[in-house]
Protein chains: 2
Amino acid sequence: MATRNPQQTRERLLQTAFAQMHAHGFQGMRVDEVLKLSGLQKGAFYHHFNSKADLGYAVLEEQIKPMVESVWLAPFANIDDPVQALLDRLDNLGEDIPPAMREHGCPLNNLAQEMSKLDEGFRVRIATLFRHWVEAFAAMFEKGKQKGFIRPDVDSQAVSRFVIAALEGCIGVYKVEQAVEQWFACRSQLAVYLSTLRPNNG
Amino acid sequence: MATRNPQQTRERLLQTAFAQMHAHGFQGMRVDEVLKLSGLQKGAFYHHFNSKADLGYAVLEEQIKPMVESVWLAPFANIDDPVQALLDRLDNLGEDIPPAMREHGCPLNNLAQEMSKLDEGFRVRIATLFRHWVEAFAAMFEKGKQKGFIRPDVDSQAVSRFVIAALEGCIGVYKVEQAVEQWFACRSQLAVYLSTLRPNNG
DNA sequence: ATTGATACAAACCAACCAGTCTGTTTTATC
DNA sequence: GATAAAACAGACTGGTTGGTTTGTATCAAT
């Protein structure tokens with residue numbers, strides 16, 4: 001019959017689970033529903049994963065992590081002006097990301113808010129991912145200093161932490177109303193904040 | 001036997017449910033567990049509430065709403081300098097709120113992120129609450145203008161929206177690690193942003 | 001070709017969970 | 001004090017859920 005492809009089976013489970021977790025949360029995701037949508041059976045699931053939590057961890061590391069990196073890390077890898085790059089990212093975010101992202105917000109932060117206090121396995125993985133993000137942004141601001149786009153006395157680490165937190169907050173609040181004023185407000189005020197990091201803002 | 005007190009019974013259900021929702025989310029909250037912790041039975045529950053969702057709405061409006069108002073609206077009702085008041089609030093937040101708030105973050109935003117895309121009943125109630133908050137902060141900034149603490153050209157509405165979003169983001173990210181650096185970073189950078197709203201920041 | 005491991009299908013299970021139903025006690029009203 | 005409504009207690013139900021078990025077809029190695 002149809003030739004087997006374990007890797008593809010596993011990947012299909014991961015992708016379906018990712019979509020379900022994004023839409024309903026980890027607790028709201030149903031294993032049966034993932035199976036139904038994947039066209040698979042229990043045997044396939046528990047062959048590739050030990051438990052629902054195991055699947056959740058895999059989704060986090062193999063789906064969410066790459067997506068966060070592609071949206072928030074990779075685009076900033078080779079830029080000189082952090083302020084400009086961040087504002088560009090905000091302006092293009094709507095078109096660059098899949099519809100599910102606009103609909104349900106950041107999958108990393110969603111999972112963080114839901115699960116970090118309920119499951120230590122999730123918490124440590126999420127915390128690690130956030131740390132990478134913080135370090136990447138901090139490095140970006142440090143490079144911005146060298147290139148003369150950022151004031152030398154700026155605390156790159158603190159700025160990085162705040163920018164990430166503010167971004168997640170903006171995405172999260174926007175999700176509730178989907179109101180353009182909310183997004184424009186965040187974009188404009190983030191621009192105000194970021195401009196304070198420039199050398200010649202006096 | 002013990003004299004009946006319907007209002008108190010209802011209140012006990014609400015308080016227990018609030019704690020459970022705050023800790024496990026609405027979906028994670030179990031009616032049976034709320035009953036057990038309240039020392040009540042199914043009869044009591046479905047006499048006071050029509051369904052689990054009905055209880056969730058009541059918790060939102062009768063527990064979460066007053067708490068948000070007491071923490072984020074009332075303290076700013078009679079102040080002149082929004083920047084100072086907001087930074088004071090941040091500095092005293094740790095001591096002013098119950099331990100469960102430090103542990104699990106803002107119950108309004110938690111519920112917003114979990115349920116706003118899953119249940120329209122929750123979404124509209126949460127959106128309404130956020131709007132009140134936005135309007136209150138916007139009014140605060142307007143008053144700040146009149147008193148000379150805020151630049152006249154500031155977009156109060158936009159600032160209000162961004163400050164709330166940033167606050168929720170900071171609280172949410174902090175929840176994952178409980179790291180003091182994260183909180184200090186948000187506090188210091190929020191101060192940087194807020195100082196741009198002052199008249200004499202050039 | 002045989003064999004053992006891999007990759008599933010599919011029936012099955014026990015616990016769980018929101019909600020119902022029946023009955024009983026308390027309370028308010030007259 | 002009779003009566004009806006309100007405020008519960010507690011057993012029960014039917015569907016759901018994560019997980020198990022058994023069986024079977026495919027695949028890789030010899």
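Laid out as a table, the results:
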quantity	calculated
Percent carbon-and-sulfur accessible area, segment A:6-195, ignoring ligands, DNA and RNA, probe 1.4 Å	50
Pairwise label distance in nanometres, A:Asp80 with B:Glu61, each label 7 Å out on the Cα-Cβ vector	5.8
Rounded if a/c under 1.5, otherwise prolate or oblate - the protein assembly as shown, Cα gyration tensor axes	oblate
Rounded to whole Hz, the Karplus (6.51, -1.76, 1.60) HN-Hα couplings of segment B:62-68, x for glycine and proline	9, 10, 5, 4, x, 5, 4
Span-rule helices in chain A, defined as complete DSSP H runs reaching 15 Å or more along the axis (Cα) with Kyte mean at least 0.5	A:156-177
At 7 Å out from Cα toward Cβ: B:Leu37 inter-copy label distances (nm, ascending)	2.9
Per-residue average of Cβ from other chains inside 10 Å of A:113-123	5
10 Å Cβ neighbours from other chains, averaged over peptide A:46-57	0
7 Å along Cα→Cβ, label-point gaps from A:Pro152 to other copies, nm, shortest first	3.9
Accessible surface, per residue, of chain A when the full set of protein chains is kept, probe 1.4 Å, Å²	46
Segment A:122-159 residues near the modelled B:Phe184 label - backbone nitrogen below 14 Å, point 7 Å along Cα→Cβ	A:155-159
5 angstrom amide H check on A:Phe149, placed H, neighbours 5+ away	none
Rounded FRET efficiency, nearest 0.05, which uses the C-beta distance separating A:Ala23 from B:Gln146 and R0 of 60 Å	0.85
Segment B:125-202 versus segment A:51-115: alpha-carbon centroid distance in Å	24
Quotient of C-alpha Rg and 2.2 N^0.38 Å, computed over segment A:104-202	1.23
Mean residue ellipticity (222 nm) of chain A, computed from DSSP H runs ≥ 4 via -39,500 (n - 2.57), nearest 500	-23000 deg cm²/dmol
Accessible area that becomes buried as B packs against A, both chains, 1.4 Å probe, Å², nearest 100	3800
10 Å Cβ neighbours from other chains, averaged over peptide A:154-161	5
Two-decimal log10 I(q)/I(0) for segment A:1-69, as the Debye equation yields it once each C-alpha is a single scatterer, q = 0.16, 0.24, 0.25, 0.27 Å⁻¹	-0.49, -1.07, -1.16, -1.33
Chain A: relative contact order in percent, alpha carbon pairs under 8 Å with at least 6 residues between	21
Any cysteine of chain B lacking a neighbouring Cys Cβ under 4.7 Å - listed by number	B:Cys106
FRET efficiency estimate (nearest 0.05) - Cβ-Cβ, B:Ala139 to B:Asp96, R0 22 angstrom	0.50
Bins of 10 Å from zero: percent of alpha-carbon pairs in segment B:6-195	8, 33, 32, 18, 7, 1
Position B:Ala179, label points 7 Å along Cα→Cβ, spacing to each other copy in nm (shortest first, one decimal)	3.4
Nearest-to-axis residue of chain A, judged by beta-carbon position, where the axis maps A onto B, in Å	A:Gly169, 1
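The values are calculated or read from the model by the stated rules, or taken from the named source; none is laboratory data. Predicted model, so just to flag it, every value in this text is computed and none were measured. Virtual Cβ from ideal backbone geometry, glycine too; neighbours counted across all protein chains shown. Heads up: the accessible areas ignore ligands, DNA and RNA and are worked out on the full protein's heavy atoms, side chains in. Shrake-Rupley method; radii C 1.70, N 1.55, O 1.52, S 1.80 Å.
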